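S.K.: Quick one: structure below, then a few questions.
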Amino acid sequence: MRLDKYIANHSSWSRSEVKRLIKQGRVRVNEQAADDKEQKIDALKDRVVVDETPILAQGKHYFVLHKPSNVVCANSHPDYPTVLDLMLDISPALKNTLQIAGRLDVDTTGLVLITDDGQWNHRVTSPRSDCYKIYEVELAEDFNESYVKDFERGMLLEGEEKPTLPANLKKIHARKFQLSLKEGRYHQVKRMFAFTGNKVIRLHRRSIGPLQLDEHLPEGAYRSLTEKEIQALAGNYNA
Ligand code: URA
């Protein structure tokens, strides 16, 4: 198969983007910089890499997406566009297999991981994996400092049997905090601040484990994860 078609078929890049990547010298075939988009690729023998990302004919897919507000983390929705709707270069066949690793609420913005690798998804989202998620939180009222220990020790949220796992709360100012959690219970951040009698008015996920939202990935954009990032997210990391 031609190089440009091979990459476009097995990544989120379109044929015209691939052409540009080749021109920019970002594509390597068997460790050599590629300069011919029509070069023939044997999927079983040749190793194609864009920047740090290997382009595999079979195998799993891993994406990071910057979720805007008013977009839902679901495979389909009657009222809102979904994060998958934002992934314009992904084939419908691949879209059908994608899962969202740790959903955000419709009004929450920030880092979302999307994959067709169920095991990897589990490793990233399981509270046992020690993969901390960092949220930026803006509150309606000044925070009542007497609740700090509840975040540190765990709090029993309404309707739950087990207290939350210890979380890390960092004050930016009286109404702005950074919260680091390794769980992902339903509406967890909003419910934790509701426990203190406050209300979250803006919520943004800045990072998951070792992966921070890149400054140059605008709202609504996405990219493939590099091999290094995929491996790092599957490992054990503390905040
Ligand atoms: N906690 C919430 O309350 N909402 C989110 O979107 C993520 C974490």
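S.K.: Hey, could you check region 210-223 for residues that are under 26 Å from ALA174 (Cα atoms) and surrounded by fewer than 16 Cβ atoms within 10 Å (Cβ to Cβ) and say which is modelled with the lowest pLDDT?
M.R.: This residue is GLU215.
S.K.: Of all residues in region 46-81, count the ones that are under 14 Å from the mean Cα position of the chain (by Cα) and either farther than 20 Å from ARG26 by Cβ or without any contact (Cβ under 8 Å) to a residue 40 or more places away in the chain (or both).
M.R.: Residues that pass the stated criteria total 7.
S.K.: Moving on to the next point. Which of the residues that make up region 165-183 are farther than 21 Å from ARG123 by Cβ and touching a Lys or Arg at 6+ places or on another chain (Cβ under 7 Å)?
M.R.: PHE177, GLN178
S.K.: Give the residue that is modelled with the lowest pLDDT, with candidates limited to residues of region 167-194 that are aromatic (Phe, Trp, Tyr) and either within 12 Å of the ligand (Cβ to nearest atom) or farther than 20 Å from ALA140 by Cα (or both).
M.R.: Among them, the one singled out is TYR186.
S.K.: Continuing with this model, one more query. Could you say whether any residue in region 102-112 is away from the ligand (no atom under 14 Å from the Cβ) and either modelled with pLDDT under 95 or crowded, with 19+ Cβ neighbours inside 10 Å (or both)?
M.R.: No, every residue in region 102-112 fails to be away from the ligand (no atom under 14 Å from the Cβ) and either modelled with pLDDT under 95 or crowded, with 19+ Cβ neighbours inside 10 Å (or both).
S.K.: So ASP107 passes all but one of these: (1) in contact with a Cys (Cβ under 8 Å, 6 or more places away or on another chain); (2) assigned to a loop (DSSP other than H, G, I, E, B); (3) not small (Gly, Ala, Ser). Which condition number does it fail?
M.R.: Going through (1) in contact with a Cys (Cβ under 8 Å, 6 or more places away or on another chain); (2) assigned to a loop (DSSP other than H, G, I, E, B); (3) not small (Gly, Ala, Ser) one by one, ASP107 breaks only (1).
S.K.: Test ARG123 against the criterion of being modelled with pLDDT under 95 and either loosely packed, with under 14 Cβ neighbours inside 10 Å or within 13 Å of the ligand (Cβ to nearest atom) (or both), and give yes or no.
M.R.: no
S.K.: Scan the strands (runs of 3 or more DSSP E) fully inside region 1-69 and keep the ones with 2 or more residues being within 18 Å of TYR222 (Cα to Cα) and at pLDDT 90 or above.
M.R.: Ranges flagged: 62-67.
S.K.: Which of the residues belonging to region 70-101 are within 16 Å of the ligand (Cβ to nearest atom) and either in a loop (DSSP other than H, G, I, E, B) or among the polar types (S, T, N, Q) (or both)?
M.R.: ASN70, VAL71, CYS73, ALA74, HIS77, TYR80, THR82, VAL83 - these are the residues of region 70-101 that are within 16 Å of the ligand (Cβ to nearest atom) and either in a loop (DSSP other than H, G, I, E, B) or among the polar types (S, T, N, Q) (or both).
S.K.: Shifting gears a bit: List every residue pair whose Cβ atoms sit under 7 Å apart, with the two residues 6 or more apart in sequence or on different chains, where the first one lies in region 98-110 and is acidic (Asp, Glu) and the second, anywhere, is assigned to a loop (DSSP other than H, G, I, E, B) and more than 8 Å from the ligand (Cβ to nearest atom).
M.R.: ASP107/SER69
The values are calculated or read from the model by the stated rules, or taken from the named source; none is laboratory data. As the structure is a prediction and not an experimental result, all values here were calculated from the model. A quick note on method: Cβ atoms are made from the backbone with ideal geometry, for glycine too, and the neighbour counts reach across all protein chains shown.
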